[in-house]
Amino acid sequence: MENQRAAAGIHASISSQIFGASLVLIGVLIGYLDIKDIEYSSTPGILTFLSIFLLLVSTIIAGKGLQKLRDNGINGNWSLNDLHIYFRLQTLLNYISIILFLIIVFKTNGESKDEKNESKLIEIQTRQFKQDSINAIQINKQTQLLIKQIDSLNLHMRNLNCCKKRVKKPCP
């Protein structure tokens, strides 16, 4: 009887620790979604939500197992015969969630959100530099055209002045 009670206490302790680890992993998964800027409809996003769902189901199953263990203990029956399924299922779901998390990490090992933003900024700056260069070339062409027009007008003015001096009449 005392051995069964100690075994039940160990099961309850381990289940509670796995329960806590599940909650921590849920937080890590949500944080990872944000840091890596994962699209919810992408494969890593779906795997993340599946992993979170499995962790939540495992905590519910663990809670049911601990509740039955408590009820059995109140009745003086510390047998774990019918409770192994709860604790094994909790552990199995947590292992699957951890494996899914590792798959997510390997599928999304690319740039983080900050790195993506930095590369977008560099791309925008490059485009802006190219556009500024094109604008400068266009302004330079327009300036050259205006200089030619001014030179042409100056030449016409000189010709008119020469014409004026020859005729000594006012030009119309």
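Calculated accessible area for the chain comes out at 73 Å² per residue, all protein chains present (probe 1.4 Å; ligands, DNA, RNA ignored). The C-alpha atoms of the chain define a longest principal axis, and helix 43-74 lies at about 20 degrees to it. May I ask for the distance between the Cα centers of region 87-101 and region 10-72, given as a whole number of Å? Region 87-101 and region 10-72 have Cα centres separated by 8 Å. Each residue, TYR95 and ILE10, gets one label point 7 Å from its Cα in the Cβ direction; the gap between the two is 1.9 nm.
The simple Förster model, with R0 at 35 Å and r as the Cβ-Cβ distance, assigns GLN131 and GLU39 a FRET efficiency of 0.70. For the chain, carbon and sulfur atoms together expose 63% of the accessible surface, with a 1.4 angstrom probe and every protein chain in place.
Computed from backbone phi with θ = phi - 60° and the Karplus coefficients 6.51, -1.76 and 1.60, the 3J(HN,Hα) list for region 6-16 is 5, 5, 5, x, 5, 4, 5, 5, 5, 4, 5 Hz; x is used for glycine and proline. Pairs of lysine residues in the chain that meet both criteria, 8 or more places apart or on different chains and Cα atoms under 19 Å apart, total 7. Ranked from largest, the principal axis spans of the Cα set of region 26-100 equal 52, 16, 15 Å.
The values are calculated or read from the model by the stated rules, or taken from the named source; none is laboratory data. Please read these numbers as outputs of a predicted model, since none were measured by experiment. Here the Cβ is made from the backbone with ideal geometry for all residues, glycine too, and neighbour counts use every protein chain on show. The protein model used for the area step is the full one, side chains on, heavy atoms only, and it has no ligands, DNA or RNA in it. Shrake-Rupley method; radii C 1.70, N 1.55, O 1.52, S 1.80 Å.
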